[in-house]
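**Q** Sending over a structure as structure tokens; questions will come in a sec.
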Amino acid sequence: METGPRAGPAARDRQPPDEAARDIPLTVLSTALHRRDPDAGAILQALASALKGLTAHDENTASIFIELTEQGLGKTPAADLWRQIMAADLSFFQSETAQSLRAEGRDEGRVEGRVGALLLLLDRRGVSLSEGERARIVGCSDVEVLDVWLTRAITASTAAEVFESEGS
């Protein structure tokens, strides 16, 4: 029989989100203790629902619990899931983490869109890319640079024309 903090009940063992909302600090602790549990997603969803209710009454406290949860999850798959929950269009979560993750998601989406458009445009125009050139495009995370490359790709007949220096 397991003893100690890890032996505590997981939030999913209770009636989420009602029970989770009754004792949010315990639910936050439970998420940290059970972060490697295969059902961690259920615990996180219960906590997210409970925090949604708390936010209506006390946004500052909810923000603290959101941050504590993220810290408690460390670098586990559960932490990635928590970030996805927080990054979703849940406007009731206004913590710094939630806002940062939403902005990060938008930026990543812009980059992915530009990369995809650039690769598609070059392919459709018959401009072949070496592995290094393809890696350069896929590895670029600067939207402004990608926009310059996209503009050049409209008329470029070679990859070198897309990547040419501004001064050339």
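**Q** If A62 satisfies every condition in (1) among the hydrophobic types (A, V, I, L, M, F, W, C); (2) touching a helix residue (DSSP H, G or I) at 6+ places or on another chain (Cβ under 9 Å); (3) surrounded by fewer than 17 Cβ atoms within 10 Å (Cβ to Cβ) but one, which is the exception?
**A** (3)
**Q** Another question about this same structure. I'd like to know if the range 44-62 contains one or more residues that are assigned to a helix (DSSP H, G or I) and in contact with a His (Cβ under 9 Å, 6 or more places away or on another chain).
**A** Filtering the range 44-62 for residues assigned to a helix (DSSP H, G or I) gives 44-57, 59-62.
Add one more test, that the residue is in contact with a His (Cβ under 9 Å, 6 or more places away or on another chain), and what stays is none.
Checking the range 44-62: not a single residue is assigned to a helix (DSSP H, G or I) and in contact with a His (Cβ under 9 Å, 6 or more places away or on another chain).
**Q** Moving on to the next point. Here is a list: E104, E59, E19, E70. Which entry is among the acidic types (D, E) and modelled with pLDDT of 80 or more?
**A** Numbers: E104 fails: modelled with pLDDT of 80 or more; E59 fails: modelled with pLDDT of 80 or more; E19 fails: modelled with pLDDT of 80 or more.
E70 is the lone residue from the list that is among the acidic types (D, E) and modelled with pLDDT of 80 or more.
**Q** Okay, moving on. Across the range 138-162, what is the total count of residues that are in a helix (DSSP H, G or I) and farther than 11 Å from L121 by Cβ?
**A** Start the filter on the range 138-162 by keeping residues that are in a helix (DSSP H, G or I), which leaves 138-139, 143-153, 159-162.
Of the ones still in play, those that are also farther than 11 Å from L121 by Cβ are 138-139, 143-148, 159-161.
So the answer is 11.
**Q** Given the criterion open to solvent by 60 Å² or more (accessible area, probe 1.4 Å) and more than 13 Å from G116 (Cα to Cα), identify the matching residue among S130, S157, S141.
**A** On the way: S130 fails: open to solvent by 60 Å² or more (accessible area, probe 1.4 Å); S141 fails: more than 13 Å from G116 (Cα to Cα).
Of the residues listed, the single one that is open to solvent by 60 Å² or more (accessible area, probe 1.4 Å) and more than 13 Å from G116 (Cα to Cα) is S157.
**Q** I'm told L29 meets every condition in (1) modelled with pLDDT under 80; (2) part of a helix (DSSP H, G or I); (3) surrounded by fewer than 18 Cβ atoms within 10 Å (Cβ to Cβ) except one. Can you identify the failing condition by its number?
**A** It is condition (1) that L29 fails.
**Q** Return yes or no: is R83 assigned to a loop (DSSP other than H, G, I, E, B) and either modelled with pLDDT of 70 or more or open to solvent by 50 Å² or more (accessible area, probe 1.4 Å) (or both)?
**A** Working: assigned to a loop (DSSP other than H, G, I, E, B): no; either modelled with pLDDT of 70 or more or open to solvent by 50 Å² or more (accessible area, probe 1.4 Å) (or both): yes.
No; evaluated as a whole, the condition is false for this residue.
The values are calculated or read from the model by the stated rules, or taken from the named source; none is laboratory data. Values in this document were obtained by computation on a predicted structure and should not be read as measured data. A quick note on method: Cβ atoms are made from the backbone with ideal geometry, for glycine too, and the neighbour counts reach across all protein chains shown. Remember, those area values only see protein heavy atoms, side chains included, never the ligands or the DNA or RNA. Shrake-Rupley method; radii C 1.70, N 1.55, O 1.52, S 1.80 Å.
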